[in-house]
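Just below is one structure, and these are the notes that go with it.
The values are calculated or read from the model by the stated rules, or taken from the named source; none is laboratory data. Just so it is clear, the model here is predicted, and its values are computed rather than measured. FYI the Cβ positions are ideal-geometry reconstructions off the backbone, even for glycines, and counts take in every protein chain you see.
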2 protein chains.
Amino acid sequence: MTEKPLILVTNDDGINAPGIRTLIKVMNTIGDVVVVAPDSPQSGMGHAITVDTTLYVNKIVIDDGPQTEYRCSGTPADCVKLAIRELLSRTPDLCVSGINHGSNSSINVVYSGTMSAAVEAGIEGIPAIGFSLLDYAWDANFEASKSFVESITKQVLKNKLPNGIVLNVNIPNISENEIKGVKVCRQARANWVEEFDKRINPMGKDYYWLTGKFVNLDGGEDTDEHALENGYVSIVPVQFDLTAYSFMKELNTWELK
Amino acid sequence: MTEKPLILVTNDDGINAPGIRTLIKVMNTIGDVVVVAPDSPQSGMGHAITVDTTLYVNKIVIDDGPQTEYRCSGTPADCVKLAIRELLSRTPDLCVSGINHGSNSSINVVYSGTMSAAVEAGIEGIPAIGFSLLDYAWDANFEASKSFVESITKQVLKNKLPNGIVLNVNIPNISENEIKGVKVCRQARANWVEEFDKRINPMGKDYYWLTGKFVNLDGGEDTDEHALENGYVSIVPVQFDLTAYSFMKELNTWELK
(Lines give C-alpha, C1' and ligand atoms only; values in the text may rest on other atoms or scores of the structure.)
Protein backbone atom coordinates (compact mmCIF):
# COMPACT_ATOMS: atom_id res chain seq x y z
CA MET A 1 0.00 0.00 0.00
CA THR A 2 1.57 3.29 -1.05
CA GLU A 3 -0.60 5.48 1.14
CA LYS A 4 -1.98 4.88 4.59
CA PRO A 5 -5.33 3.08 4.69
CA LEU A 6 -8.38 5.20 5.49
CA ILE A 7 -10.14 3.70 8.51
CA LEU A 8 -13.69 4.52 9.60
CA VAL A 9 -14.24 3.99 13.34
CA THR A 10 -17.65 3.76 14.98
CA ASN A 11 -19.42 2.02 17.87
CA ASP A 12 -22.73 1.77 19.71
CA ASP A 13 -21.71 2.84 23.22
CA GLY A 14 -21.27 6.45 22.12
CA ILE A 15 -18.25 8.49 21.01
CA ASN A 16 -17.03 9.11 24.57
CA ALA A 17 -16.92 5.45 25.61
CA PRO A 18 -13.51 4.14 26.72
CA GLY A 19 -13.88 1.24 24.26
CA ILE A 20 -13.94 3.44 21.16
CA ARG A 21 -11.22 5.70 22.57
CA THR A 22 -8.98 2.61 22.82
CA LEU A 23 -9.93 1.51 19.30
CA ILE A 24 -9.07 4.97 17.91
CA LYS A 25 -5.63 4.87 19.58
CA VAL A 26 -4.83 1.50 18.00
CA MET A 27 -6.14 2.56 14.56
CA ASN A 28 -4.03 5.76 14.65
CA THR A 29 -0.95 3.48 14.56
CA ILE A 30 -2.26 1.75 11.41
CA GLY A 31 -3.92 4.34 9.19
CA ASP A 32 -5.70 7.67 8.74
CA VAL A 33 -8.66 7.61 11.08
CA VAL A 34 -12.09 9.21 10.76
CA VAL A 35 -14.51 8.63 13.62
CA VAL A 36 -18.29 8.91 13.08
CA ALA A 37 -20.02 7.64 16.18
CA PRO A 38 -23.28 8.12 18.06
CA ASP A 39 -23.45 11.01 20.50
CA SER A 40 -25.11 8.76 23.09
CA PRO A 41 -25.26 5.03 23.90
CA GLN A 42 -27.19 2.95 21.34
CA SER A 43 -26.79 -0.54 22.80
CA GLY A 44 -29.50 -2.99 21.81
CA MET A 45 -30.38 -0.92 18.75
CA GLY A 46 -29.87 -3.85 16.40
CA HIS A 47 -29.73 -2.73 12.80
CA ALA A 48 -31.96 0.29 13.43
CA ILE A 49 -31.83 3.20 11.02
CA THR A 50 -33.34 6.66 11.42
CA VAL A 51 -36.08 7.16 8.86
CA ASP A 52 -38.67 9.24 10.69
CA THR A 53 -36.58 11.89 12.41
CA THR A 54 -33.76 14.25 11.54
CA LEU A 55 -30.06 13.50 11.94
CA TYR A 56 -27.55 15.93 13.39
CA VAL A 57 -23.78 15.68 12.88
CA ASN A 58 -21.08 17.76 14.57
CA LYS A 59 -17.36 17.79 13.95
CA ILE A 60 -15.69 17.68 17.35
CA VAL A 61 -12.32 17.35 19.07
CA ILE A 62 -12.19 15.01 22.04
CA ASP A 63 -8.47 14.36 22.55
CA ASP A 64 -5.18 15.42 20.97
CA GLY A 65 -4.91 12.47 18.55
CA PRO A 66 -4.56 12.92 14.76
CA GLN A 67 -8.03 11.51 13.97
CA THR A 68 -10.96 13.51 12.59
CA GLU A 69 -14.16 13.04 14.61
CA TYR A 70 -17.86 13.54 14.13
CA ARG A 71 -20.61 12.80 16.62
CA CYS A 72 -24.01 11.90 15.21
CA SER A 73 -27.52 11.85 16.70
CA GLY A 74 -28.36 8.59 14.91
CA THR A 75 -27.75 4.88 15.27
CA PRO A 76 -24.51 3.02 14.46
CA ALA A 77 -25.91 2.08 11.02
CA ASP A 78 -26.80 5.74 10.41
CA CYS A 79 -23.22 6.73 11.30
CA VAL A 80 -21.77 4.38 8.69
CA LYS A 81 -24.23 5.56 6.02
CA LEU A 82 -23.52 9.23 6.77
CA ALA A 83 -19.76 8.65 6.82
CA ILE A 84 -19.72 6.92 3.44
CA ARG A 85 -22.19 9.20 1.65
CA GLU A 86 -21.49 12.61 3.19
CA LEU A 87 -18.47 12.92 5.43
CA LEU A 88 -15.56 10.94 3.97
CA SER A 89 -13.58 12.18 0.98
CA ARG A 90 -13.26 8.63 -0.37
CA THR A 91 -14.49 5.11 0.34
CA PRO A 92 -12.69 3.83 3.45
CA ASP A 93 -10.39 0.81 3.22
CA LEU A 94 -11.76 -0.56 6.46
CA CYS A 95 -14.51 -0.01 9.01
CA VAL A 96 -13.98 -1.03 12.63
CA SER A 97 -16.71 -0.89 15.26
CA GLY A 98 -16.30 -1.06 19.04
CA ILE A 99 -14.60 -1.93 21.18
CA ASN A 100 -17.99 -2.80 22.62
CA HIS A 101 -18.44 -2.83 26.38
CA GLY A 102 -19.89 -6.35 26.64
CA SER A 103 -20.21 -9.52 24.61
CA ASN A 104 -21.57 -9.73 21.07
CA SER A 105 -20.98 -13.46 20.80
CA SER A 106 -23.52 -16.06 19.64
CA ILE A 107 -27.12 -14.78 19.27
CA ASN A 108 -26.12 -11.32 20.57
CA VAL A 109 -24.97 -10.60 17.02
CA VAL A 110 -28.59 -9.99 15.97
CA TYR A 111 -29.21 -7.43 18.74
CA SER A 112 -25.86 -5.69 18.42
CA GLY A 113 -25.49 -2.11 17.26
CA THR A 114 -21.72 -2.69 17.12
CA MET A 115 -22.15 -5.51 14.62
CA SER A 116 -24.88 -3.70 12.67
CA ALA A 117 -22.37 -0.94 11.93
CA ALA A 118 -19.90 -3.54 10.65
CA VAL A 119 -22.64 -5.21 8.59
CA GLU A 120 -23.71 -1.84 7.15
CA ALA A 121 -20.12 -1.25 5.99
CA GLY A 122 -20.04 -4.79 4.60
CA ILE A 123 -23.21 -4.13 2.58
CA GLU A 124 -21.31 -1.23 1.03
CA GLY A 125 -18.44 -3.56 0.11
CA ILE A 126 -16.08 -2.26 2.80
CA PRO A 127 -14.07 -4.80 4.85
CA ALA A 128 -15.39 -4.51 8.40
CA ILE A 129 -14.77 -5.84 11.90
CA GLY A 130 -16.76 -5.55 15.11
CA PHE A 131 -14.73 -5.84 18.32
CA SER A 132 -16.23 -6.56 21.73
CA LEU A 133 -14.77 -7.11 25.20
CA LEU A 134 -16.65 -9.37 27.61
CA ASP A 135 -17.04 -6.65 30.24
CA TYR A 136 -20.15 -4.44 30.34
CA ALA A 137 -18.57 -1.93 32.77
CA TRP A 138 -17.89 1.63 31.56
CA ASP A 139 -14.45 1.42 33.22
CA ALA A 140 -13.66 -1.96 31.59
CA ASN A 141 -9.94 -2.61 31.06
CA PHE A 142 -9.15 -2.64 27.34
CA GLU A 143 -5.36 -3.10 27.72
CA ALA A 144 -5.34 -6.80 26.83
CA SER A 145 -7.54 -6.12 23.78
CA LYS A 146 -5.09 -3.78 22.07
CA SER A 147 -2.64 -6.27 20.57
CA PHE A 148 -5.42 -8.54 19.29
CA VAL A 149 -7.29 -5.60 17.76
CA GLU A 150 -4.07 -4.53 16.07
CA SER A 151 -3.09 -7.93 14.69
CA ILE A 152 -6.57 -8.86 13.44
CA THR A 153 -6.99 -5.45 11.79
CA LYS A 154 -3.65 -5.83 10.00
CA GLN A 155 -4.63 -9.28 8.79
CA VAL A 156 -7.90 -7.94 7.35
CA LEU A 157 -6.07 -5.09 5.58
CA LYS A 158 -3.56 -7.60 4.19
CA ASN A 159 -5.92 -10.46 3.21
CA LYS A 160 -9.14 -8.48 2.58
CA LEU A 161 -12.51 -10.12 3.17
CA PRO A 162 -14.82 -11.73 0.60
CA ASN A 163 -17.86 -9.69 -0.43
CA GLY A 164 -20.77 -10.25 1.92
CA ILE A 165 -18.71 -11.24 4.98
CA VAL A 166 -17.61 -9.23 8.04
CA LEU A 167 -15.85 -10.36 11.22
CA ASN A 168 -17.30 -10.57 14.72
CA VAL A 169 -14.42 -10.56 17.22
CA ASN A 170 -15.02 -11.13 20.94
CA ILE A 171 -12.29 -10.86 23.56
CA PRO A 172 -12.44 -12.59 26.96
CA ASN A 173 -12.15 -10.35 30.01
CA ILE A 174 -8.83 -11.69 31.28
CA SER A 175 -5.27 -10.38 31.26
CA GLU A 176 -3.22 -10.52 28.07
CA ASN A 177 -0.93 -13.31 29.26
CA GLU A 178 -3.95 -15.42 30.23
CA ILE A 179 -5.37 -15.23 26.69
CA LYS A 180 -4.43 -18.47 24.95
CA GLY A 181 -4.81 -17.29 21.36
CA VAL A 182 -7.37 -16.65 18.64
CA LYS A 183 -9.96 -19.15 17.39
CA VAL A 184 -12.10 -19.08 14.25
CA CYS A 185 -15.56 -20.19 15.43
CA ARG A 186 -19.17 -20.59 14.50
CA GLN A 187 -21.94 -18.68 16.27
CA ALA A 188 -23.16 -20.71 19.28
CA ARG A 189 -26.85 -21.56 19.45
CA ALA A 190 -28.05 -19.63 22.47
CA ASN A 191 -30.84 -17.36 23.62
CA TRP A 192 -31.81 -14.96 26.36
CA VAL A 193 -34.37 -16.09 28.88
CA GLU A 194 -35.98 -12.81 29.73
CA GLU A 195 -37.31 -12.00 33.11
CA PHE A 196 -39.48 -8.93 32.96
CA ASP A 197 -39.22 -6.98 36.18
CA LYS A 198 -42.76 -5.63 36.67
CA ARG A 199 -43.07 -2.45 38.76
CA ILE A 200 -45.60 0.27 39.51
CA ASN A 201 -44.75 3.87 38.70
CA PRO A 202 -45.49 6.80 41.05
CA MET A 203 -48.76 7.38 39.17
CA GLY A 204 -49.90 3.79 39.88
CA LYS A 205 -49.31 2.43 36.38
CA ASP A 206 -47.61 -0.92 35.70
CA TYR A 207 -44.38 -0.92 33.74
CA TYR A 208 -41.60 -3.40 32.96
CA TRP A 209 -37.84 -3.53 32.85
CA LEU A 210 -36.36 -6.05 30.46
CA THR A 211 -33.82 -8.24 32.24
CA GLY A 212 -32.66 -11.68 31.35
CA LYS A 213 -30.20 -14.51 31.58
CA PHE A 214 -28.04 -15.69 28.69
CA VAL A 215 -28.41 -19.41 28.07
CA ASN A 216 -25.94 -21.31 25.88
CA LEU A 217 -27.87 -24.23 24.36
CA ASP A 218 -24.90 -25.40 22.29
CA GLY A 219 -22.53 -28.09 23.51
CA GLY A 220 -20.21 -27.77 20.49
CA GLU A 221 -16.50 -27.14 20.99
CA ASP A 222 -16.27 -25.13 17.75
CA THR A 223 -18.46 -22.24 18.98
CA ASP A 224 -17.54 -18.72 20.00
CA GLU A 225 -18.95 -19.33 23.50
CA HIS A 226 -16.70 -22.34 23.98
CA ALA A 227 -13.62 -20.45 22.78
CA LEU A 228 -14.33 -17.49 25.07
CA GLU A 229 -15.00 -19.70 28.10
CA ASN A 230 -11.65 -21.35 27.51
CA GLY A 231 -9.62 -18.17 27.29
CA TYR A 232 -9.49 -17.60 23.53
CA VAL A 233 -10.39 -14.58 21.43
CA SER A 234 -13.24 -15.71 19.12
CA ILE A 235 -13.61 -14.70 15.47
CA VAL A 236 -16.88 -15.54 13.73
CA PRO A 237 -17.15 -14.69 10.03
CA VAL A 238 -20.65 -13.20 9.69
CA GLN A 239 -22.74 -13.06 6.51
CA PHE A 240 -25.76 -10.92 5.77
CA ASP A 241 -27.26 -13.15 3.12
CA LEU A 242 -29.70 -14.71 5.59
CA THR A 243 -31.14 -17.23 3.11
CA ALA A 244 -31.42 -20.69 4.68
CA TYR A 245 -30.30 -22.51 1.53
CA SER A 246 -30.46 -25.87 3.34
CA PHE A 247 -34.25 -25.59 3.63
CA MET A 248 -35.11 -24.46 0.11
CA LYS A 249 -35.51 -27.93 -1.38
CA GLU A 250 -37.98 -29.04 1.32
CA LEU A 251 -39.87 -25.75 1.16
CA ASN A 252 -40.35 -26.33 -2.55
CA THR A 253 -42.28 -29.55 -1.77
CA TRP A 254 -44.93 -27.61 0.18
CA GLU A 255 -48.35 -27.03 -1.34
CA LEU A 256 -47.82 -23.36 -2.10
CA LYS A 257 -50.28 -22.07 -4.65
CA MET B 1 -54.71 -30.70 16.11
CA THR B 2 -57.45 -31.17 18.69
CA GLU B 3 -57.55 -27.56 19.82
CA LYS B 4 -57.14 -24.39 17.81
CA PRO B 5 -53.58 -23.16 17.39
CA LEU B 6 -52.55 -20.17 19.50
CA ILE B 7 -51.28 -17.46 17.17
CA LEU B 8 -49.26 -14.42 18.28
CA VAL B 9 -49.65 -11.45 15.92
CA THR B 10 -47.33 -8.45 15.85
CA ASN B 11 -45.88 -5.89 13.41
CA ASP B 12 -43.70 -2.81 13.20
CA ASP B 13 -46.13 -0.28 11.73
CA GLY B 14 -48.09 -0.08 14.99
CA ILE B 15 -51.20 -1.82 16.27
CA ASN B 16 -53.60 0.48 14.35
CA ALA B 17 -52.03 -0.07 10.93
CA PRO B 18 -54.35 -1.51 8.27
CA GLY B 19 -51.77 -4.23 7.53
CA ILE B 20 -51.96 -5.80 11.00
CA ARG B 21 -55.74 -5.37 11.11
CA THR B 22 -55.94 -7.47 7.91
CA LEU B 23 -53.52 -10.04 9.35
CA ILE B 24 -55.64 -10.35 12.52
CA LYS B 25 -58.80 -10.94 10.46
CA VAL B 26 -57.17 -13.76 8.52
CA MET B 27 -55.67 -15.34 11.67
CA ASN B 28 -59.06 -15.26 13.43
CA THR B 29 -60.24 -17.78 10.80
CA ILE B 30 -57.33 -20.13 11.64
CA GLY B 31 -56.72 -20.02 15.39
CA ASP B 32 -56.97 -18.24 18.74
CA VAL B 33 -55.31 -14.88 18.28
CA VAL B 34 -53.37 -12.73 20.73
CA VAL B 35 -52.01 -9.44 19.40
CA VAL B 36 -49.02 -7.76 21.07
CA ALA B 37 -47.90 -4.90 18.87
CA PRO B 38 -46.15 -1.53 19.16
CA ASP B 39 -48.33 1.45 20.06
CA SER B 40 -46.58 3.54 17.38
CA PRO B 41 -44.71 2.92 14.10
CA GLN B 42 -41.31 1.24 14.53
CA SER B 43 -40.18 0.91 10.91
CA GLY B 44 -36.44 0.71 10.40
CA MET B 45 -35.94 -0.42 13.99
CA GLY B 46 -34.02 -3.53 12.92
CA HIS B 47 -33.66 -5.97 15.77
CA ALA B 48 -33.71 -3.23 18.42
CA ILE B 49 -34.65 -4.12 21.97
CA THR B 50 -35.42 -1.79 24.85
CA VAL B 51 -32.76 -2.12 27.51
CA ASP B 52 -32.39 1.41 28.86
CA THR B 53 -35.98 2.54 29.28
CA THR B 54 -39.19 1.21 30.73
CA LEU B 55 -41.83 -0.73 28.82
CA TYR B 56 -45.56 -0.10 29.09
CA VAL B 57 -48.24 -2.59 28.05
CA ASN B 58 -51.99 -1.99 27.88
CA LYS B 59 -54.78 -4.44 27.13
CA ILE B 60 -57.05 -2.76 24.60
CA VAL B 61 -60.05 -3.35 22.37
CA ILE B 62 -59.79 -1.96 18.83
CA ASP B 63 -62.53 -3.77 16.93
CA ASP B 64 -65.22 -6.37 17.63
CA GLY B 65 -63.12 -9.41 16.66
CA PRO B 66 -62.51 -12.36 19.03
CA GLN B 67 -58.76 -11.62 19.44
CA THR B 68 -57.10 -10.41 22.64
CA GLU B 69 -54.94 -7.33 22.11
CA TYR B 70 -52.14 -5.53 23.91
CA ARG B 71 -50.33 -2.42 22.75
CA CYS B 72 -46.75 -2.00 23.91
CA SER B 73 -44.41 0.99 24.08
CA GLY B 74 -41.45 -1.09 22.86
CA THR B 75 -40.06 -2.44 19.62
CA PRO B 76 -41.38 -5.45 17.66
CA ALA B 77 -38.73 -7.68 19.30
CA ASP B 78 -39.81 -6.37 22.73
CA CYS B 79 -43.42 -7.25 21.90
CA VAL B 80 -42.53 -10.86 21.14
CA LYS B 81 -40.40 -11.18 24.29
CA LEU B 82 -43.16 -9.69 26.46
CA ALA B 83 -45.82 -11.87 24.86
CA ILE B 84 -43.91 -15.09 25.42
CA ARG B 85 -42.65 -14.35 28.94
CA GLU B 86 -45.48 -12.33 30.46
CA LEU B 87 -48.71 -12.13 28.52
CA LEU B 88 -49.49 -15.50 26.93
CA SER B 89 -50.82 -18.39 28.97
CA ARG B 90 -48.77 -20.87 26.93
CA THR B 91 -46.13 -20.91 24.20
CA PRO B 92 -47.82 -19.94 20.92
CA ASP B 93 -47.94 -22.40 18.02
CA LEU B 94 -47.10 -19.67 15.55
CA CYS B 95 -46.02 -16.04 15.39
CA VAL B 96 -46.96 -13.92 12.39
CA SER B 97 -45.69 -10.39 11.85
CA GLY B 98 -47.04 -7.75 9.47
CA ILE B 99 -48.59 -7.31 7.05
CA ASN B 100 -45.88 -4.71 6.59
CA HIS B 101 -46.65 -1.61 4.60
CA GLY B 102 -43.69 -1.87 2.20
CA SER B 103 -41.13 -4.38 1.00
CA ASN B 104 -38.89 -6.45 3.25
CA SER B 105 -37.27 -8.30 0.36
CA SER B 106 -33.52 -8.75 -0.20
CA ILE B 107 -31.26 -6.66 2.08
CA ASN B 108 -34.29 -4.98 3.71
CA VAL B 109 -34.51 -8.06 5.92
CA VAL B 110 -31.65 -6.71 8.08
CA TYR B 111 -33.39 -3.34 8.66
CA SER B 112 -36.85 -4.77 9.16
CA GLY B 113 -38.70 -4.58 12.43
CA THR B 114 -41.32 -6.92 10.94
CA MET B 115 -38.73 -9.60 10.32
CA SER B 116 -36.95 -8.99 13.63
CA ALA B 117 -40.18 -9.94 15.40
CA ALA B 118 -40.35 -13.16 13.39
CA VAL B 119 -36.68 -13.88 14.10
CA GLU B 120 -37.19 -13.21 17.83
CA ALA B 121 -39.99 -15.81 17.84
CA GLY B 122 -37.74 -18.17 15.88
CA ILE B 123 -34.99 -17.80 18.48
CA GLU B 124 -37.58 -18.98 21.01
CA GLY B 125 -38.33 -22.04 18.88
CA ILE B 126 -41.69 -20.76 17.64
CA PRO B 127 -42.54 -21.16 13.92
CA ALA B 128 -42.71 -17.64 12.53
CA ILE B 129 -43.56 -15.75 9.34
CA GLY B 130 -43.10 -12.12 8.37
CA PHE B 131 -45.53 -10.84 5.72
CA SER B 132 -44.98 -7.68 3.69
CA LEU B 133 -46.89 -5.99 0.87
CA LEU B 134 -44.93 -3.92 -1.65
CA ASP B 135 -46.86 -0.74 -0.92
CA TYR B 136 -45.62 1.78 1.64
CA ALA B 137 -48.94 3.69 1.72
CA TRP B 138 -51.01 3.68 4.93
CA ASP B 139 -54.12 3.02 2.79
CA ALA B 140 -52.47 0.15 0.87
CA ASN B 141 -54.88 -2.46 -0.46
CA PHE B 142 -54.37 -5.76 1.38
CA GLU B 143 -57.22 -7.65 -0.33
CA ALA B 144 -54.97 -9.65 -2.68
CA SER B 145 -52.70 -10.59 0.24
CA LYS B 146 -55.37 -12.38 2.24
CA SER B 147 -55.52 -15.71 0.44
CA PHE B 148 -51.71 -16.01 0.26
CA VAL B 149 -51.36 -15.16 3.95
CA GLU B 150 -53.96 -17.79 4.74
CA SER B 151 -52.49 -20.58 2.61
CA ILE B 152 -48.86 -20.01 3.66
CA THR B 153 -49.87 -19.83 7.34
CA LYS B 154 -51.77 -23.13 7.05
CA GLN B 155 -48.77 -24.76 5.36
CA VAL B 156 -46.48 -23.65 8.21
CA LEU B 157 -48.91 -24.98 10.83
CA LYS B 158 -49.11 -28.27 8.93
CA ASN B 159 -45.44 -28.79 8.00
CA LYS B 160 -43.77 -26.84 10.85
CA LEU B 161 -40.41 -25.16 10.30
CA PRO B 162 -36.96 -26.48 11.22
CA ASN B 163 -35.32 -24.93 14.28
CA GLY B 164 -33.44 -21.78 13.41
CA ILE B 165 -35.46 -20.88 10.30
CA VAL B 166 -38.33 -18.40 9.79
CA LEU B 167 -40.07 -17.30 6.59
CA ASN B 168 -39.89 -13.91 4.88
CA VAL B 169 -42.92 -13.52 2.62
CA ASN B 170 -43.27 -10.54 0.27
CA ILE B 171 -46.35 -9.88 -1.83
CA PRO B 172 -46.35 -7.81 -5.04
CA ASN B 173 -48.69 -4.83 -5.14
CA ILE B 174 -50.97 -6.10 -7.90
CA SER B 175 -54.47 -7.54 -7.94
CA GLU B 176 -55.06 -11.16 -6.89
CA ASN B 177 -55.73 -12.43 -10.40
CA GLU B 178 -52.51 -10.84 -11.64
CA ILE B 179 -50.43 -12.73 -9.06
CA LYS B 180 -48.89 -15.70 -10.85
CA GLY B 181 -48.15 -17.85 -7.81
CA VAL B 182 -45.64 -18.34 -4.99
CA LYS B 183 -41.89 -18.81 -5.44
CA VAL B 184 -39.28 -20.04 -2.95
CA CYS B 185 -36.32 -17.70 -3.41
CA ARG B 186 -32.97 -16.63 -2.10
CA GLN B 187 -32.36 -13.10 -0.80
CA ALA B 188 -31.23 -10.86 -3.68
CA ARG B 189 -27.91 -9.07 -3.30
CA ALA B 190 -28.90 -5.42 -3.18
CA ASN B 191 -28.28 -2.24 -1.26
CA TRP B 192 -29.62 1.23 -0.67
CA VAL B 193 -27.73 4.13 -2.18
CA GLU B 194 -28.50 6.79 0.36
CA GLU B 195 -28.90 10.40 -0.54
CA PHE B 196 -28.81 12.52 2.58
CA ASP B 197 -31.00 15.55 2.17
CA LYS B 198 -29.10 18.29 4.01
CA ARG B 199 -31.18 21.17 5.37
CA ILE B 200 -30.85 24.07 7.78
CA ASN B 201 -33.20 24.27 10.75
CA PRO B 202 -34.90 27.50 11.90
CA MET B 203 -32.05 28.01 14.40
CA GLY B 204 -29.46 27.91 11.59
CA LYS B 205 -28.13 24.43 12.34
CA ASP B 206 -27.49 21.81 9.63
CA TYR B 207 -29.44 18.57 9.77
CA TYR B 208 -30.08 15.61 7.47
CA TRP B 209 -32.95 13.47 6.28
CA LEU B 210 -32.03 9.94 5.26
CA THR B 211 -33.40 9.19 1.80
CA GLY B 212 -32.20 6.67 -0.72
CA LYS B 213 -32.69 4.54 -3.75
CA PHE B 214 -32.89 0.76 -3.68
CA VAL B 215 -30.42 -0.85 -6.08
CA ASN B 216 -30.70 -4.53 -7.05
CA LEU B 217 -27.15 -5.70 -7.82
CA ASP B 218 -28.25 -9.28 -8.45
CA GLY B 219 -29.06 -10.57 -11.93
CA GLY B 220 -30.13 -14.00 -10.67
CA GLU B 221 -33.53 -15.37 -11.61
CA ASP B 222 -33.83 -17.27 -8.31
CA THR B 223 -34.02 -14.15 -6.12
CA ASP B 224 -36.93 -12.59 -4.26
CA GLU B 225 -36.55 -9.39 -6.28
CA HIS B 226 -36.86 -11.28 -9.56
CA ALA B 227 -39.93 -13.17 -8.36
CA LEU B 228 -41.65 -9.98 -7.17
CA GLU B 229 -40.86 -8.07 -10.36
CA ASN B 230 -42.45 -10.91 -12.32
CA GLY B 231 -45.69 -11.03 -10.36
CA TYR B 232 -44.96 -13.80 -7.85
CA VAL B 233 -45.23 -13.87 -4.06
CA SER B 234 -41.67 -14.52 -2.77
CA ILE B 235 -40.81 -16.75 0.19
CA VAL B 236 -37.25 -16.65 1.51
CA PRO B 237 -36.39 -19.04 4.33
CA VAL B 238 -34.33 -16.91 6.74
CA GLN B 239 -31.78 -18.19 9.25
CA PHE B 240 -30.31 -16.40 12.25
CA ASP B 241 -27.13 -18.41 12.48
CA LEU B 242 -25.12 -15.76 10.63
CA THR B 243 -21.90 -17.79 10.52
CA ALA B 244 -20.30 -17.65 7.07
CA TYR B 245 -19.25 -21.32 7.10
CA SER B 246 -17.88 -21.04 3.55
CA PHE B 247 -15.13 -18.68 4.73
CA MET B 248 -13.97 -20.53 7.86
CA LYS B 249 -11.35 -22.66 6.15
CA GLU B 250 -9.64 -19.69 4.52
CA LEU B 251 -9.85 -17.63 7.71
CA ASN B 252 -8.03 -20.42 9.51
CA THR B 253 -5.04 -19.92 7.17
CA TRP B 254 -4.58 -16.31 8.36
CA GLU B 255 -1.74 -15.46 10.72
CA LEU B 256 -3.88 -15.05 13.79
CA LYS B 257 -1.86 -15.24 16.96
Fill in: Hey, residue A:192 at the interface with chain B (Cβ under 9 Å from one of its Cβ atoms), touching a residue at least 24 places away in the same chain (Cβ under 8 Å) and part of a strand (DSSP E or B) or not
yes
Worksheet item: List pairs: first in the range B:142-157 and in contact (Cβ under 8 Å) with a residue 24 or more places away in the chain, second assigned to a helix (DSSP H, G or I) and of a type outside the set (Gly, Ala, Ser), Cβ under 6 Å, 6+ apart or cross-chain?
Response: B:142/B:22; B:144/B:176; B:146/B:26; B:149/B:26; B:150/B:26
Discussion item. Could you check the range B:206-249 and list, in sequence order, the residues that are more than 7 Å from chain A (Cβ to nearest Cβ), part of a loop (DSSP other than H, G, I, E, B) and closer than 26 Å to residue A:77 by Cα?
Written reply: B:217, B:218
Worksheet entry | Condition check for residue A:134: more than 9 Å from every other protein chain (Cβ to nearest Cβ) and touching a Lys or Arg at 6+ places or on another chain (Cβ under 6 Å) | no
Worksheet item: When you look at residue B:255, is it in contact with a Lys or Arg (Cβ under 8 Å, 6 or more places away or on another chain), at pLDDT below 95, among the charged types (D, E, K, R) and outside any helix (DSSP H, G or I), yes or no?
Response: no
Practice prompt. Go through the range B:1-112 and tell me which strands (runs of 3 or more DSSP E), entirely inside it, have 2 or more residues that are more than 30 Å from residue B:174 (Cα to Cα).
Written response: B:57-60, B:68-72
Item to complete: Identify all residues within the range A:125-141 that are within 18 Å of residue A:240 (Cβ to Cβ) and more than 10 Å from the chain's Cα centre (by Cα); write none if there are none.
Response: A:125, A:126, A:127
Worksheet item: Name the pairs: first residue in the range A:209-225 and without any contact (Cβ under 8 Å) to a residue 60 or more places away in the chain, second residue β-branched (Val, Ile, Thr) and surrounded by fewer than 14 Cβ atoms within 10 Å (Cβ to Cβ), Cβ to Cβ under 7 Å, at least 6 apart or on different chains?
Response: A:212/A:193; A:213/A:193; A:215/A:193
Worksheet item: Does the range B:76-126 hold any residues that are facing chain A (nearest Cβ under 7 Å), in contact with an Asp or Glu (Cβ under 7 Å, 6 or more places away or on another chain) and crowded, with 24+ Cβ neighbours inside 10 Å, and which are they?
Response: B:81
